[in-house]
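This report concerns only the one structure given below.
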Amino acid sequence: MRGRTGRPATAYRLTEADEHLFPKRYDALSLAMIDAIADELGPDAVTRVLARVSEDRVKALRPMVGGRTLEERLELLKGWYTEDDAYMSVERDGDDYRLIERNCPYYNAAMKRPAFCSVSTHALTQLLGVRVHREAKFQDGDGRCVFRVHANERVTDTSFALE
């Protein structure tokens, strides 16, 4: 008996849920786009674009955290990047908190353009209503990012600034 030739009898394709299992080059595209914006429109345009990304993230998450205590907001924002994120944790430190990120989904792009991280810091400040800054950074070789949440430092100026 001779083997069959031609197309297989059954066709297979990935579902949307499995697509993430295969390598992507989103970081290269992100870097190319940010660099093109800076080259074509100037560095101020990059700041405006990152501010817009931050504002969009805040707008999407604000209904989820509105009306909650700071502690409740922090627990919800552990899912900042992905729902049920096993790599995010919250620690209390005196009156303050630390939101600890052990796996950055934007690591490759952020290592080359740390300005991307300003989006997270700015959006977290807006969503929590208190001052947030990064006290540890992947870029500094710390192996994680730690967002210090200053529980007693209410924020009134929520303008976007690069770190």
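The values are calculated or read from the model by the stated rules, or taken from the named source; none is laboratory data. Just so it is clear, the model here is predicted, and its values are computed rather than measured. Positions of Cβ are generated from backbone atoms using ideal geometry, with glycine treated the same way; all protein chains shown enter the neighbour counts. The area values use the complete protein model at the heavy-atom level, side chains included, leaving out ligands, DNA and RNA. Shrake-Rupley method; radii C 1.70, N 1.55, O 1.52, S 1.80 Å.
Restricted to region 90-109, and to residues there that are assigned to a helix (DSSP H, G or I) and more than 10 Å from the chain's Cα centre (by Cα), the residue that is surrounded by the fewest Cβ atoms within 10 Å (Cβ to Cβ) is 108.
Of the residues making up region 12-25, none is open to solvent by 90 Å² or more (accessible area, probe 1.4 Å), under 26 Å from residue 157 (Cα atoms) and either under 16 Å from the mean Cα position of the chain (by Cα) or without any contact (Cβ under 8 Å) to a residue 60 or more places away in the chain (or both). Being over 14 Å from the mean Cα position of the chain (by Cα) and either over 24 Å from residue 28 (Cα atoms) or modelled with pLDDT of 95 or more (or both) is true of residue 160.
Residue count for region 111-125 under the criterion of being within 29 Å of residue 152 (Cα to Cα) and either aliphatic (A, V, I, L, M) or over 10 Å from the mean Cα position of the chain (by Cα) (or both): the result is 7. Being open to solvent by less than 40 Å² (accessible area, probe 1.4 Å), out of contact with any Gly (no Cβ under 7 Å at 6 or more places or on another chain) and assigned to a strand (DSSP E or B) is a description that applies to residue 151. Within region 122-142, work out how many residues are touching a residue at least 40 places away in the same chain (Cβ under 8 Å) and either more than 19 Å from residue 64 (Cβ to Cβ) or part of a loop (DSSP other than H, G, I, E, B) (or both). Final tally of qualifying residues: 1. Considering only residues in region 30-57 that are hydrophobic (A, V, I, L, M, F, W, C) and open to solvent by 100 Å² or more (accessible area, probe 1.4 Å), the one that is nearest to residue 123 (Cα to Cα) turns out to be 33. Any residue that is under 30 Å from residue 151 (Cβ atoms), open to solvent by less than 100 Å² (accessible area, probe 1.4 Å) and among the basic types (Lys, Arg) - is there at least one of those in region 58-76? Yes, that holds for at least one residue.
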